[in-house]
2 protein chains.
Amino acid sequence: MFLSEFIPVKDALEIIDNVKIKLDTEKISLKEAYNRVLAEDIKALLDSPSFDKSAMDGYAVKAEDTFGLSETNTSHLKVVDRIGAGDTSNVALKHGEAIKIATGAPIPEGANAVIMEEYTYEKNDNLEVLKTLFPGENVAPFGEDFKRGDELLKSGKLLRPQDIGIIASAGYDTIDVYKTPKIGVITTGNELVMSISEIKGAKIINSNYYTLKALVESTLSVPEVTHCVDDAEKVKEQIEKFLESCDAIITTGGTAISKGDVVVDVVDEMGEVLIHGAAIRPGKPFGFGVINGTPVFMLSGYPVASIVQFDVFTRNYLLKMQNIHKEFPIIKKTASRKIASTLGRTDYVRAKTNGNYVCPLKIDGSGIIRSMVESDCYILIEENVEGINEGEDCDVLIYDSLKV
Amino acid sequence: MFLSEFIPVKDALEIIDNVKIKLDTEKISLKEAYNRVLAEDIKALLDSPSFDKSAMDGYAVKAEDTFGLSETNTSHLKVVDRIGAGDTSNVALKHGEAIKIATGAPIPEGANAVIMEEYTYEKNDNLEVLKTLFPGENVAPFGEDFKRGDELLKSGKLLRPQDIGIIASAGYDTIDVYKTPKIGVITTGNELVMSISEIKGAKIINSNYYTLKALVESTLSVPEVTHCVDDAEKVKEQIEKFLESCDAIITTGGTAISKGDVVVDVVDEMGEVLIHGAAIRPGKPFGFGVINGTPVFMLSGYPVASIVQFDVFTRNYLLKMQNIHKEFPIIKKTASRKIASTLGRTDYVRAKTNGNYVCPLKIDGSGIIRSMVESDCYILIEENVEGINEGEDCDVLIYDSLKV
């Protein structure tokens, strides 16, 4: 009675992956670049440093003037100039001379090393030197970090603070990044209200509104969430609105087969339903369709089922829409009790890790959101596995590792 | 010549930890709760579900009426009412009767099980039943998820999508959370300019402005960044401004001992400098002080040093200001080449992981930001360790695991 067979998770993911993503880019200030994805290769526009630079506060000298010196065999140089940070000196250093220099200032002509203040005593431009320097000591040479034209970062990089730092150093104050996708979320269900004050009779609170908004935010995408009653015309109107303003649409509810379940029918009418029913537990009533190139993820109305469906089918797609390609790490833990499973479907068992062990929660059921709250990971049981024995290793996906 | 000895990292962290944090809270809409930290215990304001509820689309029946039934031994019931989502029925079910029911609707009086549509044929209110049900089958009983008064979440929880979902289900649409701290960042240095167009002579780009903004954002805190020349009065004025509007202050540059290095002196004059110089590499010229209870993290002007100092000394403090208590996981990897280190200081060696191996980068120096960009982790070498041999296990801190 579903529009398609319950298809295996792998096949469903392949169908979803085949829906082409159009990547849009935009130019932004580098100040707003944290957690954005670079959409251009960054080549240095300048050399860094662009001059031989002092790496210390001290005195620029000719290293040869210090050969053999030590605390018990000192020598004296004449201080002929002083260079502050951001300043330069016009004085060319000669043998027997020193120029006081700040960290970051350019090494003056004729000098080839910097002696730290700690190894000197200065009195009235007379500098006592207590240490031997090698040529180049405490000098950051021209182009040491990078040279003009060096490729520093490639398009597709999710920007960390240090990446933003090097882009700034390389001479950029704006960059091209992939646009943050806008995701239209439609919760459906006549039984749903937004707050406790509206509850009467068989009404319940629309927790999916809140959960889905946060789920979309956790992918760095921008959600626009709205609620709709179980009415085909109203659902259609809302989808039409989102088709204009959003890059993808997510619905909750209305994915089963009874009369009130209108979402799949509406999407089928407006475009093409490619998946209806997946071999997954929880989350069997999952739908996926495309309307004019826009993907529509039809999630269950059940709170737990919708989260699992989002994590399995939707999360990665929203990341790819920003050109983020993330593999969620599956790790091995030992089952601390037996876990039943049925052949022919992939189980996402809510569980809690404890060191190298993992324990499935006793509370189950796709309506029991407490099972998602009290757990910290999924145990994945593939469709060809009938269950896991106590003490057996199993595949675990930690919720925190789903974060970008 | 530093105001204090180079103190060990552990001692520095203890001094920083001892500066008392005043945790402020605020009430926000639950819609804005993702990645915020709960500042109240959440007790359910209602029962969930608040009635015995159908877990399926199907027909509510008395289970006893189906005992012994199968596809080859069917029986017939009379459909006496229909309940949509969000609706209720006033009909009390009698033996021989069924009531059509939507997922989520309340089980009508007299019924104790729901048969899925898939196991029935209906024609003109005449329902053929093909399956035996047990009492309670496909019924989500009253209070199954939680009961009114149940404690669902504790204050201090960093909110995930599912946590927000259960808070909504529990009847809340606003919650108390810890305030997001506002962090004033002052970059200092006469040599710094904001963009390539301003470069002349010994000027360089103020990459710390961009990096520090992103570092603060990576802790979920709100940065306000400004630049200041190396002038004691100007630095003092800016610190005074931030003391009024910010919860903590970070500076870069001016932490060494030469004449132009004014930051530590200014903080010493305005409040108390508790740390000046830490036994860490890179990052030795680290300062920490307190002015009227507000912590001031004085980071190096060197790009790499300032990032390391932020990660080691500042990051956790900013998290604690939101009541986030995170332990950054130190993992073991095998060194793929020898790493030199000096006794008496903690080294944070920029390195790259490769499976179970980790390789220190050949480029070094606290000015070479490329070393932070091309690496994905620190190798930590404690102060009492002289170096690590090829093939030896070492402590690794993955940059990505620093994220909240």
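The values are calculated or read from the model by the stated rules, or taken from the named source; none is laboratory data. Here the structure is a predicted model, which means the values were calculated and not measured. Cβ atoms come from the backbone with ideal geometry, glycine included; neighbour counts cover every protein chain shown.
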Qualifying position, being out of contact with any helix residue (DSSP H, G or I) (no Cβ under 7 Å at 6 or more places or on another chain) and modelled with pLDDT of 95 or more, among A:V225, A:V290:
A:V290
Filter region B:252-287 down to the residues that are out of contact with any helix residue (DSSP H, G or I) (no Cβ under 6 Å at 6 or more places or on another chain), touching a residue at least 12 places away in the same chain (Cβ under 8 Å) and among the small types (G, A, S) and list them by number.
B:G253, B:A256, B:G260, B:G271, B:G277, B:A279
Determine whether A:A214 is without any contact (Cβ under 8 Å) to a residue 24 or more places away in the chain, buried (at least 18 other Cβ atoms within 10 Å of the Cβ) and under 23 Å from A:F328 (Cβ atoms).
yes
Exclusive hit being of a type in the set (F, W, Y) and at pLDDT below 95, set A:Y302, A:Y348
A:Y302
B:V91 meets each of (1) more than 21 Å from B:Y119 (Cβ to Cβ); (2) buried (at least 18 other Cβ atoms within 10 Å of the Cβ); (3) among the aliphatic types (A, V, I, L, M) with one exception, condition (2)
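Results for (1) of a type outside the set (D, E); (2) under 42 Å from the mean Cα position of the chain (by Cα); (3) more than 30 Å from B:F288 (Cα to Cα), shown as yes or no for each residue.
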{"position": "B:K10", "(1), (2), (3)": "yes, yes, no"}
{"position": "B:I16", "(1), (2), (3)": "yes, yes, no"}
{"position": "B:E40", "(1), (2), (3)": "no, yes, yes"}
{"position": "B:S50", "(1), (2), (3)": "yes, yes, yes"}
{"position": "B:F67", "(1), (2), (3)": "yes, no, yes"}
{"position": "B:N90", "(1), (2), (3)": "yes, no, yes"}
{"position": "B:E97", "(1), (2), (3)": "no, no, yes"}
Are any residues in region A:3-31 of a type outside the set (A, V, I, L, M) and touching a helix residue (DSSP H, G or I) at 6+ places or on another chain (Cβ under 9 Å), and if so, which ones?
A:D17, A:K31
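State yes or no: is B:V308 within 14 Å of chain A (Cβ to nearest Cβ), among the hydrophobic types (A, V, I, L, M, F, W, C), touching a Gly at 6+ places or on another chain (Cβ under 6 Å) and closer than 21 Å to B:V19 by Cβ? Talk me through it step by step, then tell me what you get.
Working: within 14 Å of chain A (Cβ to nearest Cβ): yes; among the hydrophobic types (A, V, I, L, M, F, W, C): yes; touching a Gly at 6+ places or on another chain (Cβ under 6 Å): yes; closer than 21 Å to B:V19 by Cβ: yes.
Here the answer is yes, as B:V308 does meet what is asked.
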What's the number of the only condition in (1) hydrophobic (A, V, I, L, M, F, W, C); (2) surrounded by 20 or more Cβ atoms within 10 Å (Cβ to Cβ); (3) within 24 Å of B:T255 (Cα to Cα) that B:V193 fails to meet?
(2)
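Those residues that are hydroxyl-bearing (S, T, Y) and over 28 Å from A:I199 (Cα atoms), I need them from region B:3-62; list them, please. Full working, then the answer.
Going through region B:3-62, the residues hydroxyl-bearing (S, T, Y) turn out to be B:4, B:25, B:29, B:34, B:48, B:50, B:54, B:59.
Within region B:3-62, B:S4, B:T25 qualify.
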Residue by residue through region A:120-135, note down the ones that are under 54 Å from the mean Cα position of the chain (by Cα), surrounded by fewer than 15 Cβ atoms within 10 Å (Cβ to Cβ) and of a type outside the set (D, E).
A:Y121, A:F134, A:P135
Kindly indicate whether any position in region A:85-92 is closer than 25 Å to A:P49 by Cα and acidic (D, E).
yes
Taking into account only those residues within region A:372-396 that are among the hydrophobic types (A, V, I, L, M, F, W, C), outside any loop (DSSP other than H, G, I, E, B) and away from every other protein chain (no Cβ under 14 Å), which is surrounded by the fewest Cβ atoms within 10 Å (Cβ to Cβ)?
A:L380
Taking into account only those residues within region A:204-253 that are polar (S, T, N, Q) and more than 11 Å from A:T187 (Cβ to Cβ), which is farthest from the chain's Cα centre (by Cα)?
A:S245
Among residues belonging to region A:346-371 that are part of a loop (DSSP other than H, G, I, E, B) and among the charged types (D, E, K, R), point out the one that is farthest from the other protein chains (Cβ to nearest Cβ).
A:K362
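Would you point out which residue out of B:K403, B:K320 is more than 13 Å from every other protein chain (Cβ to nearest Cβ) and within 30 Å of B:E40 (Cα to Cα)?
Working: B:K403 fails: more than 13 Å from every other protein chain (Cβ to nearest Cβ).
Every option except B:K320 fails the conditions.
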Just the residues that are touching a strand residue (DSSP E or B) at 6+ places or on another chain (Cβ under 9 Å) and among the acidic types (D, E), please, taken from region A:302-344.
A:D311
Verdict on B:V235 being modelled with pLDDT of 95 or more and either surrounded by fewer than 23 Cβ atoms within 10 Å (Cβ to Cβ) or among the aromatic types (F, W, Y) (or both):
no
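For region A:210-222, which positions are more than 7 Å from chain B (Cβ to nearest Cβ) and of a type outside the set (A, V, I, L, M)?
Restricting attention to region A:210-222, the residues satisfying the condition of being more than 7 Å from chain B (Cβ to nearest Cβ) are A:212, A:216, A:219-222.
Passing the criteria: A:T219, A:S221.
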Of the residues B:S341, B:S366, B:S336, only one is more than 29 Å from B:S207 (Cβ to Cβ) and in contact (Cβ under 8 Å) with a residue 24 or more places away in the chain; which?
B:S336
If I ask for residues that are within 30 Å of B:I101 (Cα to Cα), outside any loop (DSSP other than H, G, I, E, B) and hydroxyl-bearing (S, T, Y), which ones from region B:1-53 would you list?
B:S48
May I ask you to list the residues in region A:1-20 that are farther than 19 Å from A:V308 by Cβ, modelled with pLDDT of 95 or more and aliphatic (A, V, I, L, M)?
A:V19
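Determine, yes or no, whether A:I249 is more than 14 Å from every other protein chain (Cβ to nearest Cβ), surrounded by 18 or more Cβ atoms within 10 Å (Cβ to Cβ) and in contact with a helix residue (DSSP H, G or I) (Cβ under 9 Å, 6 or more places away or on another chain). So that I can check it myself, show each step before the final result.
Values: more than 14 Å from every other protein chain (Cβ to nearest Cβ): yes; surrounded by 18 or more Cβ atoms within 10 Å (Cβ to Cβ): yes; in contact with a helix residue (DSSP H, G or I) (Cβ under 9 Å, 6 or more places away or on another chain): yes.
Considered against the rule, which asks whether it is more than 14 Å from every other protein chain (Cβ to nearest Cβ), surrounded by 18 or more Cβ atoms within 10 Å (Cβ to Cβ) and in contact with a helix residue (DSSP H, G or I) (Cβ under 9 Å, 6 or more places away or on another chain), A:I249 comes out as yes.
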So which residues in region A:182-209 are in contact with a Cys (Cβ under 7 Å, 6 or more places away or on another chain) and either within 7 Å of chain B (Cβ to nearest Cβ) or among the small types (G, A, S) (or both)?
A:G184
Search result, residues across region A:22-34 that are modelled with pLDDT of 95 or more and surrounded by fewer than 18 Cβ atoms within 10 Å (Cβ to Cβ):
A:T25, A:E26, A:K27, A:I28, A:S29, A:K31, A:E32
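Let's see how each residue does on (1) within 14 Å of another protein chain (Cβ to nearest Cβ); (2) modelled with pLDDT under 95:
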position	(1), (2)
A:I99	yes, no
A:T103	yes, yes
A:L133	no, no
A:L152	yes, no
A:L158	yes, no
A:A168	yes, no
A:G171	yes, no
A:I175	yes, no
A:Y178	no, no
Count of residues meeting criterion [more than 30 Å from A:T88 (Cα to Cα) and hydroxyl-bearing (S, T, Y)] in region A:1-57
4
Count - residues of region A:52-79 that are buried (at least 18 other Cβ atoms within 10 Å of the Cβ) and either more than 14 Å from chain B (Cβ to nearest Cβ) or out of contact with any helix residue (DSSP H, G or I) (no Cβ under 7 Å at 6 or more places or on another chain) (or both):
14
